[in-house]
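Written below as structure tokens is the structure these notes are about.
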Amino acid sequence: QAFLTQMRARVEGFESPQTLLLLTRLLDVTCVDYPELWAKVERKTLKIWDKLSLESALTTIKMFANQGEGTEDLYLAFEAKLKEHRDSLELSQIVDSMQCFFNSGKGTVLFMDQLLELTLKKLRTLPDPDFIALGKLCVVLSGFSKDFAGQRNVPSLYVNIGRAIARAPHKLTPESACYFGLSFGFERGSKRFLGLLMRAAEQRLPTKDPS
């Protein structure tokens, strides 16, 4: 506790984004429950926000979201950062960002809807999406309430996730197959697709690209 109190007194003097990022990571991995310190870290982070790269900003938001910390101001600043890099965002970055907004309950509904539309566009054009990102996306989609405005994109997202998985069945592991199966359930996906997941879960699929 004495160390945290000392950090609280010194945060304002941190000028290096790397130093502040290290402190935030320490608070996250040790699950520090010290709202006053988190608040000071947030205020300092916002002061140097323009110095943060997109990746550093995303890492910062992940750590705040993990602990349920951060005010609306921090997440709105993150929205603005994402908009600056909209055209160059990778699928994994989009999905990680949505997961942060979802976990924290912060950010605007309109922007989440825009991220869903961007995700759908990425899924339709990427030849070989990251299965880890797809798994995280399924978690986010399964948690949306039915009255969420972006719900209209969810069926199309599931269709395109299914197509991406079907294009590269050799990438499925038993664990990921179960993961996708829980998200899709019986109400989404064809019998053929669900059979694919079942065979993968039973380790009947090849582990290498047959080509």
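The values are calculated or read from the model by the stated rules, or taken from the named source; none is laboratory data. None of these values were measured; they are calculated from a predicted model. Here Cβ is always computed from backbone atoms with ideal geometry, including for glycine, and neighbour counts include all displayed protein chains. Side chains included, ligands, DNA and RNA excluded: accessible areas come from the protein's heavy atoms. Shrake-Rupley method; radii C 1.70, N 1.55, O 1.52, S 1.80 Å.
Quote the charge dipole size of the stretch 1-76 about the Cα centre in Debye, to the nearest 20; the model charges only the Cβ of Lys and Arg (+1) and of Asp and Glu (-1).
220 debye
For labels at Asp87 and Leu54 in the simple 7 Å Cα→Cβ model, what's the distance in nm?
Label-label distance for Asp87 and Leu54, simple model: 1.1 nm.
Let's test the formula: R0 of 41 Å, r as the Cβ-Cβ distance of Arg163 and Ser16. What FRET efficiency results, to the nearest 0.05?
0.40
Between Arg25 and Phe186, with labels modelled 7 Å along Cα→Cβ, what's the label distance in nm to one decimal, could you check?
If labels sit at Arg25 and Phe186, their model points lie 4.6 nm apart.
Between their Cα atoms, which of Lys171/Lys191; Lys122/Lys171; Lys51/Lys122; Lys44/Lys106; Lys136/Lys171; Lys44/Lys122 are more than 25 Å away from each other?
Numbers: Lys171/Lys191 20 Å; Lys122/Lys171 19 Å; Lys51/Lys122 28 Å; Lys44/Lys106 19 Å; Lys136/Lys171 16 Å; Lys44/Lys122 34 Å.
Lys51/Lys122; Lys44/Lys122, as the Cα separations exceed 25 Å there.
What is the packing order of peptides 67-73, 112-118, 97-103, taking the mean over residues of other C-beta atoms within 10 Å and listing the highest first?
97-103, 112-118, 67-73
Helix 54-66 versus the longest principal axis of the chain: what is the Cα-based angle in degrees, 0 to 90, to the nearest 10?
With both axes taken from Cα atoms, the answer is about 90 degrees.
Give the label of the value calculated from the structure for Rg and Dmax of the Cα atoms in Å, choosing from (i) 17.4, 52; (ii) 19.6, 60; (iii) 31.4, 117.
It is the value labelled (ii).
Taking all protein chains as present, what is the carbon and sulfur share of the accessible area of the chain, in % to the nearest whole number, probe 1.4 Å?
54 percent
Below 8 Å between Cα atoms, with a sequence gap of 6+, how large is the relative contact order for the stretch 56-211 in percent?
Once divided by the residue count of the stretch 56-211, the mean separation gives 20 percent.
Taking the Cα-to-Cβ direction at Val32 and at Thr125 and moving 7 Å from each Cα, how far apart do the two end points lie in nm?
Each label point is offset 7 Å from its Cα along the Cβ direction, giving 4.1 nm.
What is the magnitude of the charge dipole of the chain about its Cα centre, with +1 placed on the Cβ of each Lys and Arg, -1 on the Cβ of each Asp and Glu, and no other charges, expressed in debye to the nearest 20?
Values: 28 positive and 25 negative charges, 148 e Å.
Here the chain has a charge dipole of around 720 debye.
Skip the ligands, DNA and RNA, and give the accessible area per residue of the chain with a 1.4 Å probe, whole Å². Write out the running numbers ahead of the final one.
Details: 11410 Å² over 211 residues.
Computed with neighbouring chains in place, this is 54 Å² per residue.
Hey, in the GNM for the chain with a 10 angstrom Cα cutoff, which one of Tyr34, Tyr179, Tyr158 fluctuates hardest?
Tyr34
Mind listing which trypsin sites (Lys or Arg not before Pro) in the stretch 25-105 are in a DSSP loop and have 14 or fewer other Cβ atoms within 10 Å?
Answer in residue order: no site qualifies.
Among Gly135, Ser53, Val109, pick out the residue whose Cα is farthest towards the positive end of the charge dipole of the stretch 53-211, where Lys and Arg carry +1 and Asp and Glu carry -1 on C-beta, about the Cα centre.
Farthest along the dipole direction, towards plus: Gly135.
When the helices in the chain are scored as -39500 (n - 2.57) per DSSP H run of 4 or longer and the sum is shared across all residues, what 222 nm value do you end up with, to the nearest 500 deg cm²/dmol?
When only DSSP H runs of four or more count, the value is -21000 deg cm²/dmol.
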